[in-house]
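As structure tokens, the structure follows; a few thoughts come after it.
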Amino acid sequence: MSRTYAVAAVAAVVVATVLVGGFGLRISRTTSDFYVASRTVRPRLNAAAISGEYLSAASFLGIAGLVLVHGPDMLWYPVGYTAGYLVLLVFVAAPLRRSGAYTLPDFAEGRLESRQVRRLVSVFVVAAGWLYLVPQLQGAGLTLKILTGAPGWLGDVLVASVVVIAVAAGGMRSITFVQVFQYWLKLTALLVPAIFLVLAWQSDGQPRVHFDEQLSVFRADHPLYATYGLIVATFLGTMGLPHVVVRFYTSPNGRDARRTTVAVLALIGLFYLLPPVYGALGRLYAPELIHGGDADAAVLLPERVIGGLGGDLLGALIAGGAFAAFLSTASGLTMAVAGVITQDVLPSRGVRHFRLATVLAMCVPLGGSLMVSRVPVADSVGMAFAVSASSFCPLLVLGIWWRRLTPPGAIAGLLLGGGSAFLAVAITVSGAVRPPGWPHALLAWPAVWSVPVGFLAMVLVSLATPGRIPPGTNAAMTRFHLPEALLTSRRHR
């Protein structure tokens, strides 16, 4: 690909992001605007924003590479990422919006009436956000280096700077417009080249794609267990991802939160139809990527297959989409972490302190991305989903649907479920336990056992501490499950 086109595409995405964020700044006036866009984001707009921040570089680049190398078994990734919103729709979306919270710690304190639980949830949210941000920044630096030859640190700093400007300028209002724009950009960046690839494949006589040679390194140890670990983590982890959950607080009411989730299912389902096309056709047109360690480059097939100016332009479009993936996910994570820092760390909760929190939320992961070695994006995403499924999922499901949950139970579940999952995946990423063998499999895919541990700890400790059930539990459960119209009518009687 011509570096000129790649630089132009990345520059255009950065400029467009700043301009769209500036539009949000013009209409952001109140603290509520900055935290939850004054709870006025309609379902279709909110669904596009959620999809924009959810579809990270792991989705844009990683799935195509996984399908290329490991074959159709990797389709569990897009299936799990999409199905997670079905679980979110059934169990969490509407009650979470009716809770009236700004952040996950707000929900935890409102439901359990415990500052201790709030502080622990805040630690988990910030830790998960920072761990997810580091590889996003590193991936941006690596991508920019490959595409343009720029120094590796430049992409890290560029993404961090753009995200801080967009988030600090207009908060949730700005980020909503930015992420809507970036979702449609990412979809277009994969859809248009995919059409040309399929046409080229048809003109070649529609040769058959063979997956006889599959590298099984990824799941050599106990593949059935690894599959179940992936399914549990992606199905249940989505509902607790801080940057996803915070967007449901922007819906006007619980009904709109449900409609938003249905629309998200359609939008991300449409997107996930495309990466497998690149992975499958990569087997035909770029088989050398299987063993070359550059499987993520499968999305750059158009420049190989089509060539010429058309291939360069399509490649530049994909490069812009990839950079948008880093920006959108980093924006959502920064927004979620900044909200928690403002609420629970800084002495004041005004707009000025929110902007300071935005800088703090980005400085730590930026420093980490520049100082530590590169962490594979897929590993970090797996870590985030496993920890979320083991901690926030039990807290949300039991907090919303079980009256007998107590603060000690919630603390025990968070520490034993989420803490054990975090420790297990951290050990795996560090390389302390190597494959083959069950120890590696259990630590690499902990959700199979850590999610039950989280649920059981919350249930058993809550049953053992019945005197600690918060006095406002009945009122909270009524607020979660009654439609807003009924609650309003009851208040006026």
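The values are calculated or read from the model by the stated rules, or taken from the named source; none is laboratory data. Note that the structure is predicted; figures quoted are calculated from it, not measured. Heads up, the Cβs are rebuilt from the backbone with ideal geometry, glycines too, and the neighbour counts pull from every protein chain shown. Remember, those area values only see protein heavy atoms, side chains included, never the ligands or the DNA or RNA. Shrake-Rupley method; radii C 1.70, N 1.55, O 1.52, S 1.80 Å.
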Those helices (runs of 4 or more DSSP H) completely within the stretch 72-170 that have 1 or more residues that are open to solvent by less than 20 Å² (accessible area, probe 1.4 Å), in contact with an Asp or Glu (Cβ under 8 Å, 6 or more places away or on another chain) and of a type in the set (A, V, I, L, M, F, W, C) are 115-148
How many of the residues in the stretch 1-13 are closer than 13 Å to L185 by Cβ and either open to solvent by 60 Å² or more (accessible area, probe 1.4 Å) or modelled with pLDDT of 85 or more (or both)?
3
By residue number, the members of the stretch 284-305 that are among the acidic types (D, E) and surrounded by 24 or more Cβ atoms within 10 Å (Cβ to Cβ) are D296
Pick out the one residue from G308, G339 that is open to solvent by 20 Å² or more (accessible area, probe 1.4 Å) and at pLDDT below 85.
G308
Output the residues belonging to the stretch 37-60 that are among the hydrophobic types (A, V, I, L, M, F, W, C) and not in a helix (DSSP H, G or I).
V41, L55
What helices (runs of 4 or more DSSP H) completely inside the stretch 370-487 contain at least 2 residues that are modelled with pLDDT under 90?
377-401, 419-430, 438-444, 473-481
Quick one: is G431 open to solvent by less than 40 Å² (accessible area, probe 1.4 Å) and either within 20 Å of Y228 (Cα to Cα) or of a type in the set (S, T, N, Q) (or both)?
no
List every residue pair whose Cβ atoms lie under 8 Å apart, where the two residues are 6 or more positions apart in sequence or sit on different chains, the first residue falls within the stretch 384-395 and is touching a residue at least 12 places away in the same chain (Cβ under 8 Å), and the second residue, located anywhere, is open to solvent by 10 Å² or more (accessible area, probe 1.4 Å) and not in a helix (DSSP H, G or I).
A386/W445
Considering only the stretch 305-324, how many residues are charged (D, E, K, R) and closer than 19 Å to I63 by Cα?
0
